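J.: The following block contains the structure, expressed as C-alpha cells.
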Amino acid sequence: MSISFVPPTIQENPDGWGPCTLPDQFKDIPYQPFSKGDRLGKVSDWTGATYTDKRYLGRYQTQFGSGTQYSYYHEQDESSFQLVDSSKIQKPIYLRNRLKFNQRNLRRERERREQKDTSNPQSLTKAQKERQRQMRRLQKQFGKSRWNRNRYQQQNQVKTRDASVQVRNEWQVVEEMDFPRLSKLRLPDVSSPKDIITCGEVEQYDKAYDRITTKNEKRLARVNRIFHKVTTTDDPLIRKLVPQGNVFATDIILATMMCSTRSNYSWDIVVQRVGDKLFFDKRDNSEFDLLTVNETALTPPQEEGVHTNAPRNLALEATFINHNFSQQCLKGTEKKFKFDKPNPFITDDDEGEVASVAYRYRKWELGDDIDLIVRCEHDAVLIGSSGETNFINIKTLNEWDTKATAAAEWRQKLDSQRGAVLATEVKNNSFKLAKWTMCALMAGSDYIKFGYVSRVNPKDSSQHVILGSQQFKPSELAAQINLNMDNAWGILRCIIDLCFKLDEGKYLILKDPNKPMIRIYNIPDSTFSSDEEDEDGDDENEDDGDDQ
C-alpha cells in the first residue's frame, strides 16, 4: 500500500500579509485586525503556560482588543419604549401612614409601660431613679424655654416696633442711609484730641468690689444722687466754645451715630444747622438716655404693657441699676479728685448730692474743614499700686430672667466662666456695649469697669444683688467686641458731610424701627420746642372750652 501526500496549495501574497483570496465559506466571518507592532504568540500551545505566565500576560495582546468583532450590537433604539402605566400605585387607606401610626402606637405603648413601672417607686432601681431625676431636670430647664423661644420667633416675624418719635405728615425725607452702605465707610488716621476744658470732681473706686463673687454677693443699694443729662445746646461751656469749632455734640450722641449699624431699636437725634455751625441734640423728655436690654439678641423681649419684662420696663430697670452701682462702688469718705473748674451744671435748685462725674471738652480735627468739639465724661478715678491716678468709666450688666432668655444663670457660671458670660452679653447687647466702649475711648479713660448685677427674684425687678465685676482697657475691649474705629469715624464724617449740604434749619435723624436704615427728616424750626408744647396745650384748652 502506497502512501501519498498531497501538499496544499500555497498562495503567495507579495503585497502584504494574509491570503490573496478568501473562500466563500469564510466570506462573512470578521477578520481580526492586528498591527505590525503586536507580538505574536505561539501557533499552538498545548500546555497553556503562555498566558498564565505573568511575564507574558500583557506581552501578546493586540492594541485593538480581542474579541470585539464578535460583539452584538442591537441596531434599534429602545429609549423611546416606556411602560403603559407609569403612575404611582395608590395604597389603600388602611395602608397609608402605616409606619407613622406604628411608631406612634409603639411610643404610646412604651410611655404607658414606663408610667406603669414608675407608678411604684419602690420597685425602681437606683439607676432608674437617677435617670428620672435627670429627665425631669432637663425637661424643666430646656423644654418650656425652647417652646417659648419658638413662640417668640414666630411673634417676632410679624410684630413691628414703634418709632421713637411719631413722624408727621409735613416732615420731608431729605436723605436715607442703609446700614450695609454705612458699614463700608472708613476714615483712618484721625488725629489725637486736644483737651480744651476739664471740670467736675470724681470719687475714688473701692477695690473691695473687685473681690465680690457669687459666694459673697452684695445687695445693690439705692443711692439718691442727681445725674445731669444736659443736651448740647443747653451746655453753657459749649456755647462759649462755639468760635473754636463748627460741629458740637456730647459723647453719647456721637457714640449712638458712630455705632448705629449695631442698633435694632428706634432712636432719634435732632440736628440744628446755624450758619456754618452744626449742633447734635437729643429731644427734651426723650428716652434717649435709657439703656436697652437684649436689643440685639436672637429673641429680644416681646412682652407689652406693664409687664415686668417689657422692653421699656427693662430699660428703666437697667438705667436704675447702672446709676446706683456706679455710685455705690465709690469711696465717699476719701478725698475727691477735682479738675480745674467746677461742675457747670450744679445749680442752687439741686436738692441733694450730685453724682460723681468729671467732664472733658475735647476737640478733634476731622480733615481740614471739620473741627469737632465733644463733651466727654469720667465716672471715677482708680488709684494704682504705685499711686498713679487712672480715670475709669463704670457701667453695669444686668441679669433679669434666665428662663425668658434661655441663658445660663450667672450664679452658676460667673465665677468659673466669666468669659462665656461676657460673650453672651456682647451678643445680646452689642449696641449698648459698643456705645459704652466708644464713650470711654473718646474720653480717654484708662479703664472701663463692668458690674454684674442680678435680680434677687426673677419675678421682682426692684431688688438686686451684685455678683461680681470685671475691668478692661477700652482699646482691648474694642478689639474684643469687633469695634472698628475707622468705620465709626467714617460713619460720623459721612453724616456730618450730609448735614452740611442741607440748608439752614432743623432736621431729625431717625433710625427706622423695623429696617436697618437711617433717615434724615426736614422738620419745622418750632418742632420739639417748649413754645410748640405751650401752643398745643392752649389749643387743647380752647377745644375743651368749646365742648363745654
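The values are calculated or read from the model by the stated rules, or taken from the named source; none is laboratory data. These figures come from a predicted structure and were not determined experimentally. Cβ coordinates were reconstructed from backbone atoms using ideal geometry, including for glycine residues, and neighbour counts include every protein chain displayed.
J.: Write out, first by first residue and then by second, each pair whose Cβ atoms fall under 7 Å of each other, whose residues are 6+ apart or on separate chains, and whose first residue, in the range 511-540, is within 18 Å of Phe280 (Cα to Cα) and at pLDDT 90 or above while the second is assigned to a helix (DSSP H, G or I) and hydrophobic (A, V, I, L, M, F, W, C).
T.: What qualifies is Ile520/Leu498.
J.: On to the next question. Filter the range 379-424 for residues that are under 24 Å from Leu290 (Cα atoms) and of a type in the set (S, T, N, Q) and give the result.
T.: Asn393, Thr396, Asn398, Thr402, Thr405, Thr424
J.: Filter the range 371-391 down to residues that are over 25 Å from Val354 (Cα atoms) and more than 32 Å from the chain's Cα centre (by Cα), then give me how many there are.
T.: Here the count works out to 6.
J.: Identify, from the list Thr396, Thr402, the residue that is in contact (Cβ under 8 Å) with a residue 24 or more places away in the chain, surrounded by fewer than 20 Cβ atoms within 10 Å (Cβ to Cβ), of a type outside the set (Gly, Ala, Ser) and under 23 Å from Tyr265 (Cβ atoms).
T.: Sole residue among the options that is in contact (Cβ under 8 Å) with a residue 24 or more places away in the chain, surrounded by fewer than 20 Cβ atoms within 10 Å (Cβ to Cβ), of a type outside the set (Gly, Ala, Ser) and under 23 Å from Tyr265 (Cβ atoms): Thr402.
J.: Now for a separate question. Taking the condition in contact with a Ser or Thr (Cβ under 9 Å, 6 or more places away or on another chain) and more than 20 Å from His464 (Cα to Cα), does Phe345 pass?
T.: no
J.: So, one more: Can you name the residue in the range 156-176 that is out of contact with any Ser or Thr (no Cβ under 8 Å at 6 or more places or on another chain) and assigned to a helix (DSSP H, G or I) and is also modelled with the highest pLDDT among such residues?
T.: Gln157
J.: Which residues, counting only those in the range 316-338, are hydrophobic (A, V, I, L, M, F, W, C) and crowded, with 18+ Cβ neighbours inside 10 Å?
T.: Selection gives Ala318, Phe320, Ile321, Phe325, Cys329, Leu330, Phe337.
J.: Right, something else. Please tell me if Asp234 is of a type in the set (D, E, K, R), surrounded by fewer than 17 Cβ atoms within 10 Å (Cβ to Cβ) and not in a loop (DSSP other than H, G, I, E, B).
T.: Against the criterion (of a type in the set (D, E, K, R), surrounded by fewer than 17 Cβ atoms within 10 Å (Cβ to Cβ) and not in a loop (DSSP other than H, G, I, E, B)), Asp234 does not qualify.
To keep it simple, each residue is scored yes or no on (1) under 25 Å from the mean Cα position of the chain (by Cα); (2) within 16 Å of Glu409 (Cα to Cα); (3) assigned to a loop (DSSP other than H, G, I, E, B).
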residue	(1), (2), (3)
Lys432	yes, no, no
Trp436	yes, no, no
Cys439	yes, no, no
Tyr452	yes, yes, no
Asn457	no, yes, yes
Ile466	no, yes, no
Gln470	yes, no, no
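J.: Right, here's the next one. Could we say that Ala297 is under 16 Å from Ala318 (Cβ atoms) and in contact (Cβ under 8 Å) with a residue 24 or more places away in the chain here?
T.: yes
J.: Which residues, taken from the range 162-177, are loosely packed, with under 12 Cβ neighbours inside 10 Å and farther than 15 Å from Tyr507 by Cβ?
T.: Residues satisfying the conditions are Asp162, Gln166, Asn169.
J.: Testing Arg273 on (1) in contact with an Asp or Glu (Cβ under 7 Å, 6 or more places away or on another chain); (2) part of a loop (DSSP other than H, G, I, E, B); (3) not small (Gly, Ala, Ser), one condition comes back false. Which one is that?
T.: Unmet for Arg273, out of (1) in contact with an Asp or Glu (Cβ under 7 Å, 6 or more places away or on another chain); (2) part of a loop (DSSP other than H, G, I, E, B); (3) not small (Gly, Ala, Ser): (2).
J.: Looking at the range 418-430, can you tell me whether even one residue there is acidic (Asp, Glu), surrounded by 14 or more Cβ atoms within 10 Å (Cβ to Cβ), touching a Leu at 6+ places or on another chain (Cβ under 9 Å) and under 17 Å from Asp251 (Cβ atoms)?
T.: Looking through the range 418-430, none of the residues is acidic (Asp, Glu), surrounded by 14 or more Cβ atoms within 10 Å (Cβ to Cβ), touching a Leu at 6+ places or on another chain (Cβ under 9 Å) and under 17 Å from Asp251 (Cβ atoms).
J.: Something else about it: As an exercise: evaluate Thr250 against (1) in contact with a helix residue (DSSP H, G or I) (Cβ under 7 Å, 6 or more places away or on another chain); (2) modelled with pLDDT of 95 or more; (3) not hydrophobic (A, V, I, L, M, F, W, C) and give the number of the one condition it does not meet.
T.: (1)
J.: Same structure, new question: Listed residues Glu334, Glu377, Glu295; which is touching a strand residue (DSSP E or B) at 6+ places or on another chain (Cβ under 8 Å), acidic (Asp, Glu) and at pLDDT 90 or above?
T.: None of the others qualify; the one that does is Glu377.
J.: I'd like the full set of residues that are surrounded by 13 or more Cβ atoms within 10 Å (Cβ to Cβ) and of a type in the set (Asp, Glu), limited to the range 351-383.
T.: Within the range 351-383, Glu365, Asp371, Glu377, Asp379 meet the criteria.
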